[in-house]
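The values are calculated or read from the model by the stated rules, or taken from the named source; none is laboratory data. The shown structure was predicted, so the numbers you read here are calculated from the model rather than taken from an experiment. Reconstructed Cβ throughout: ideal geometry from the backbone, glycine too, with neighbour counts over all protein chains shown. Areas reflect the complete protein model, heavy atoms only, side chains present, ligands, DNA and RNA absent. Shrake-Rupley method; radii C 1.70, N 1.55, O 1.52, S 1.80 Å.
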Amino acid sequence: EHPKTLTQAPIGQSMLEVAHRNDIELEGACEGSLACSTCHVIINSTQVYDSLPEPDDDENDMLDLAFGLTETSRLGCQVFASKEIDGMVLSLPKATRNFYVDDFVPKPH
């Protein structure tokens, strides 16, 4: 079981930004430019997932590359805090597919 972290997110901030500001290890190798799948998150509620705007074609293309894809997978850089998703619970996949080796973990800028 992964540890649970409770965080507050300013309205309009992406889940990738929220993770980085709260020292949650969500990689985001492309820094939110929709060029990778390393900020893959799993939304723990189908109802919350269904309330989000549909992923666009670019996000779907990147999700197709994500490790451990689920029916409620999204990219953290494309899910933004809003009142409608207050209380949302996200899980991180057990691994990501990325270009880093030797346990290198990039630090957010």
- Distance (nanometres) between label positions extended 7 Å along Cα→Cβ at Lys4 and Leu65: 3.4
- Query: For segment 36-53, what does the Karplus curve 6.51 cos²θ - 1.76 cosθ + 1.60, with θ = phi - 60°, yield as ³J(HN,Hα) per residue in whole Hz, taken in order and with x for Gly and Pro?
  - Reply: 7, 10, 7, 9, 4, 10, 10, 7, 7, 10, 4, 4, 5, 4, 5, 7, 7, x
- Query: How much area per residue is accessible in segment 1-98 when the probe is 1.4 Å and only protein heavy atoms are counted (Å²)?
  - Reply: 64
- Taking a 1.4 Å probe, which of Arg21, Arg74 shows the most accessible area, and what order do the others take after it? Arg21, Arg74
- Message: Given axes a ≥ b ≥ c from the Cα gyration tensor, I'd like to know whether segment 1-78 is rounded (a/c under 1.5), prolate (a/b larger than b/c) or oblate.
- Response: rounded
